[in-house]
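Single-structure report; data block below.
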Amino acid sequence: MVGAEVVEVETPDEARAKISGRTAMIYVMSGPQAEKDVLNIPALIAIAKEKGVPILVDAAAEEPLNPNPHLSRGATWSVIPAANACAGRSRRAFSG
């Protein structure tokens, strides 16, 4: 990563303190634990909005739901693999 620095935080206060004018975005990997932690996805989305920083939720391990729950809660981006999003159609299109 050229010029980028990954900063890991564990609490909402620590996240607020580490965000600066140089912060390009907040990245969080979704999953069951990401919903239970003190610094959970809704908390991170709120902090991102408060600080004016975009947030990307990596939802690669999730089912592709419509509407996307992370975007519905205010995330800037939510990423799922294209194979997950198209799996149902692909299987039907190429079966028997």
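The values are calculated or read from the model by the stated rules, or taken from the named source; none is laboratory data. All of these numbers come straight from a predicted model, not from anything done at the bench. Cβ coordinates were reconstructed from backbone atoms using ideal geometry, including for glycine residues, and neighbour counts include every protein chain displayed.
Residues checked against (1) among the aromatic types (Phe, Trp, Tyr); (2) surrounded by fewer than 15 Cβ atoms within 10 Å (Cβ to Cβ); (3) assigned to a loop (DSSP other than H, G, I, E, B); (4) at pLDDT below 95:
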{"site": "GLU35", "(1), (2), (3), (4)": "no, yes, no, yes"}
{"site": "LYS49", "(1), (2), (3), (4)": "no, yes, no, no"}
{"site": "ALA61", "(1), (2), (3), (4)": "no, yes, yes, yes"}
{"site": "ASN66", "(1), (2), (3), (4)": "no, yes, yes, yes"}
{"site": "ALA83", "(1), (2), (3), (4)": "no, yes, no, yes"}
{"site": "ALA87", "(1), (2), (3), (4)": "no, yes, no, yes"}
{"site": "ALA93", "(1), (2), (3), (4)": "no, yes, no, yes"}
{"site": "GLY96", "(1), (2), (3), (4)": "no, yes, yes, yes"}
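Figure legend. Inter-residue proximity from the range 1-30: first residues polar (S, T, N, Q), second residues at pLDDT 90 or above and in a helix (DSSP H, G or I), beta-carbon distance below 8 Å, spacing 6+ or different chains. Indicated pairs: THR23/LYS51; SER30/ILE41; SER30/HIS70. Within the range 1-33, being surrounded by 10 or more Cβ atoms within 10 Å (Cβ to Cβ) and outside any loop (DSSP other than H, G, I, E, B) holds for PRO12, ASP13, GLU14, ALA15, ARG16, ALA17, LYS18, ILE26, TYR27, VAL28, MET29.
Yes/no matrix, rows are residues, columns are (1) within 20 Å of ALA24 (Cβ to Cβ); (2) over 10 Å from the mean Cα position of the chain (by Cα):
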position: ILE41; (1), (2): yes, no
position: LEU44; (1), (2): yes, no
position: LYS49; (1), (2): yes, yes
position: VAL57; (1), (2): yes, no
position: GLU63; (1), (2): no, yes
position: SER72; (1), (2): no, yes
